[in-house]
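> Okay, here's the structure, questions in a sec.
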Amino acid sequence: MMPNPWVRPYVLTAGRTRTKQRLLVETLVSVPRYDPQVAASLLPESRALYELAGRTMSIAELSAHSKIALGVTRVLIGDLAANHLVAVHATAHSDRDNIIPSLTLERIRNGLAAL
Amino acid sequence: MVSRWRQRLARRLDPAAQSVQQQPAPEPAQLERPEPSAWPIVCHQFALRMLSLVEQLRPEMDHLELHEDDAATLERLYRVDHGITRLRRVAGYLQILSGADDEQLTGYRSSLVDVIREAESAIEHYKRVNIGRVAELGVVEYAAKDVAWLVAALIDNATAYSPAAVVVSAHLLDNGGIMMRIEDSGIGIDPRRVENLNAVLAGAVPDVTDDIARHTGFPIIHRLARKHGIRVRLASRPGAGGGTVAMVLLPPELLCEMPPEFPAAAGQGRHREASWPRGVPSAPELHGAHLSLIQRPSGGRTAPPETALPRPELAPRSSRPSSTPSAQPSAQPQPRLAPQSPLPAVATPDNPAQTTKSGLPRRESQSLRTTSPLPAPLADGPSDVDYGDDPVELGGGGEQPSVRPAPRPQARSFAEDLDSFTAGVNAARQRSAPPVADQPDSIPEGQPR
């Protein structure tokens, strides 16, 4: 079913476009402890993201699967993370020292090889 | 007839057009002429064009916003988007005030949450609106936009006069309808004024006058409410910071079930369960992570403080023990089943048989819009509707608005006018039929008109 197109994205985030935590498109997100009651209490978009993140996914994947705009996904995940409902995994860029660990490089290589 | 329709439009909007839009004053001779003013039609045409333009802009905005990765750019896009969305509401309101509101046959079926958020999208201070508990039902296609615009007018008003957040919630009533509550904590309205407003809202829709042209909110609310048989009532809470509560009663026939909005996510959830109606069972307290989670960054949970109401009996009766969420759906009245019964009453003289030879009810090829027993609960005179102090009525006690007869002598819609127009044309055609039948070849068909 097509969602109401006149529910504009800025309303979903109260106009916010930034998050406390740095959330890049490749940042991985997971749900440490899924609680159906929590899911039921969330507004539809947050609920969809919360449920999708039951499988560890990147911000970009979450946005693509839920068809929620990237900027909205980011802010909603930021809110979920601020309430400890999702865990945000460290990425190369989110670490303070900007050194890409070899593990990440290996994962990239493996990912490319799998394409 | 069309001429009468135009005259009515002229009566309604001509003063508004002159006073609000600063049009050059018409010459006195023009005013005295019996010809109807063209302004309502002009306004309607321009409103339609504006609506069409914003409809074209929306997908473009969607496209730009969808993949925008830069926070600053996205913020700018949001501001443009917000402007376009508010323009749409202005154009829509102009259309409604012009009196030529098109019968809405298509539209988006919309969940109540989305109806509220569509309204939020279209007002200036959307950041100060919080969503409280909202029943998991939808509003049917032909009414969703109008309900959103009605709510938009109310929350626009509420946010304009309330420094704190405005809370919007929607609760299921025993009669299968929905009561939406818009609560603000502004300085409140004088009780006498609230009474007056309620009396006006319960009465007939007045023509657009100079005064109305300056305060367009309530005339819009009034027209939209009347169109769909929605009732709107205000209540002022005494005391400092008491604020105002606006209650919007949606009749059951405007409501429908909603399919899951994000089916992709539904399959992935590990323990997804029916959460119907959401929010009514008390959900676990989280640090600001309840329904308002995605609404406000700082605000905590903002469920309506119903216990603080001076008239607690106005609170919806849909509150149920939180222990039996799974048993609720069967216990509920099924709103979409409600309005189906009195179809035979509309059998036309041409087609009096109400059952087929096989005994089955005969179908009438009429739109659902007209056959559903729209109650028009806002009756034409204030005396007809008890909007008074009987809170039981608003609480949805035993009242079934859909059962009440609906005398609507004044509130003739455009469609009704069109119907009488076509009926008149047909009658004229029948009167002129015999001579045509006598000389079938002399007058080509269609000419007698």
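The values are calculated or read from the model by the stated rules, or taken from the named source; none is laboratory data. These figures come from a predicted structure and were not determined experimentally. Note: ideal-geometry Cβ built from the backbone for every residue, glycine included; neighbour counts use all protein chains shown. Areas reflect the complete protein model, heavy atoms only, side chains present, ligands, DNA and RNA absent. Shrake-Rupley method; radii C 1.70, N 1.55, O 1.52, S 1.80 Å.
> Quick check on segment B:130-255: take the gyration tensor over C-alpha atoms, sort the square-rooted eigenvalues as a ≥ b ≥ c, and tell me if it's rounded (a/c under 1.5), prolate or oblate.
Numbers: a/c = 1.70, a/b = 1.12, b/c = 1.51.
Oblate, since a/c reaches 1.5 and b/c is not below a/b.
> Suppose R0 equals 51 Å; then what is the FRET efficiency for B:PHE46 and A:HIS89 from their Cβ-Cβ distance, rounded to the nearest 0.05?
On the way: r = 53 Å, r/R0 = 1.05.
For B:PHE46 and A:HIS89, the calculated efficiency is 0.45.
> Just subtract the alpha-carbon distance of B:HIS63 and B:GLU195 from 0.36 nm times their residue separation and send over the number in nm, one decimal. List each step's numbers first, then the result.
Numbers: separation 132, 0.36 × 132 = 47.52 nm, distance 4.70 nm.
Separation in residues times 0.36 nm, less the Cα-Cα distance, equals 42.8 nm.
> Right, another one. As a test of understanding, state the convex hull volume per residue of segment B:66-189 from its alpha carbons, in Å³.
Values: hull volume 18.0 nm³, N = 124.
Hull volume over Cα atoms, normalised by residue count, gives 145 Å³.
> Provide the per residue accessible area, probe 1.4 Å, for segment A:1-111, rounded to a whole number of square angstrom. Intermediate results must be reported in sequence, preceding the final value.
Details: 5080 Å² over 111 residues.
Value for segment A:1-111: 46 Å² per residue.
> On to the next question. Accessible area per residue of segment B:160-248 at 1.4 Å probe, in Å²? Present the calculation step by step, with values, prior to reporting the outcome.
On the way: 3190 Å² over 89 residues.
About 36 Å² of surface per residue is accessible.
> B:ARG237 accessible area, nearest 10 Å², 1.4 Å probe?
Its heavy atoms expose roughly 40 Å² to the probe.
> Suppose R0 equals 41 Å; then what is the FRET efficiency for A:ARG107 and B:ALA160 from their Cβ-Cβ distance, rounded to the nearest 0.05? Each step should come with its number before you reach the end.
On the way: r = 53 Å, r/R0 = 1.29.
Step by step, r from the Cβ atoms, then E = 0.20.
> Largest first, what is the accessible-area ranking of B:TYR142, A:TYR10, B:TYR108 with a 1.4 Å probe? Don't skip to the end; give the middle numbers.
Details: B:TYR142 40, A:TYR10 0, B:TYR108 80 Å².
Solvent-accessible surface, decreasing: B:TYR108, B:TYR142, A:TYR10.
> Ok, one more. Whenever you get a sec, compute what percent of the accessible area on segment B:57-131 sits on carbon and sulfur atoms (1.4 Å probe). List each step's numbers first, then the result.
Working: 1730 of 3110 Å².
Carbon plus sulfur share of accessible area: 55 percent.
> Relative to the compact-globule scaling 2.2 N^0.38 Å, provide the ratio for the alpha-carbon radius of gyration of chain A. Present the calculation step by step, with values, prior to reporting the outcome.
Values: Rg = 15.1 Å, N = 115, 2.2 N^0.38 = 13.4 Å.
Compactness ratio reported: 1.13.
> Using only DSSP helix segments of four residues or longer, with each worth -39500 (n - 2.57), what per-residue ellipticity at 222 nm results for chain A after dividing by its residue count and rounding to 500? Provide the component values of the computation, followed by the final result.
On the way: 6 runs with 53 residues, N = 115.
Value at 222 nm, helices only, nearest 500: -13000 deg cm²/dmol.
> Can I ask one more? With just the Cα atoms defining each centre, how far is segment B:34-92 from segment B:159-189? Give it in Å.
Going from one Cα centre to the other spans 27 Å.
> Here is a follow-up. Give me a single rounded figure for B:117-123: the average over its residues of other chain Cβ atoms within 10 Å of their Cβ. Display every interim value, and only then the final one.
Values: counts 8, 6, 3, 6, 8, 3, 1.
Whole-number average of other-chain Cβ neighbours for B:117-123 is 5.
> Among rounded, prolate and oblate, which fits segment A:1-51 when a ≥ b ≥ c are the square roots of the eigenvalues of its C-alpha gyration tensor, a/c under 1.5 means rounded, and a/b larger than b/c means prolate?
Details: a/c = 1.94, a/b = 1.11, b/c = 1.75.
Cα axes put segment A:1-51 in the oblate bin.
> In chain A, with Lys and Arg counted as +1 and Asp and Glu as -1 at Cβ, which of these residues, A:VAL75, A:THR56, A:LEU85, has the Cα nearest the positive end of the dipole, that is, farthest along it?
My answer, from the dipole projection, is A:VAL75.
> Now for a separate question. Average projected area of the Cα convex hull of segment B:63-138, in nm²? Show your work: numbers first, answer last.
Numbers: hull surface 27.8 nm².
Across all orientations, segment B:63-138 yields a mean hull projection of 7.0 nm².
> To the nearest whole number, what is the average tally of beta carbon atoms from other chains within 10 Å of the beta carbons of peptide A:63-69? Can you show the working numbers first?
On the way: counts 2, 1, 4, 5, 4, 3, 7.
Neighbouring Cβ atoms belonging to other protein chains average 4 per residue here.
> Using a 1.4 Å probe and counting only protein heavy atoms, how much accessible surface gets buried when B and A come together, both sides summed, in Å² to the nearest 100?
On the way: alone 24930 and 8170 Å², together 27990 Å².
That pair hides around 5100 Å² of surface in total.
> What does the charge add up to near B:GLU68, with Lys and Arg as +1, Asp and Glu as -1, over the other residues with Cβ less than 10 Å from its Cβ?
Around B:GLU68, the charge tally is -3.
> Excluding ligands and nucleic acids, what accessible area in Å² is computed for B:SER185 using a 1.4 Å probe, to the nearest 10?
40 Å²
> To continue, here is another question. Can you tell me the FRET efficiency between A:LEU24 and B:VAL80 if r is taken as the Cβ-Cβ distance and R0 is 25 Å, rounded to the nearest 0.05? Don't skip to the answer; put the middle values down first.
Numbers: r = 25 Å, r/R0 = 1.01.
Efficiency, from the Cβ-Cβ distance: 0.50.
> Quick one: net charge around A:ALA60, please, counting Lys, Arg +1 and Asp, Glu -1 for every other residue with C-beta under 12 Å from its C-beta. Present the calculation step by step, with values, prior to reporting the outcome.
Working: positive: A:ARG74; negative: A:GLU26, A:GLU61, B:ASP69.
Local net charge: -2.
> Ordering B:HIS228, A:HIS89 by accessible area with a probe of 1.4 Å, largest first, what comes out? Before the final figure, lay out each step's value.
Values: B:HIS228 0, A:HIS89 70 Å².
In descending accessible area the options line up as A:HIS89, B:HIS228.
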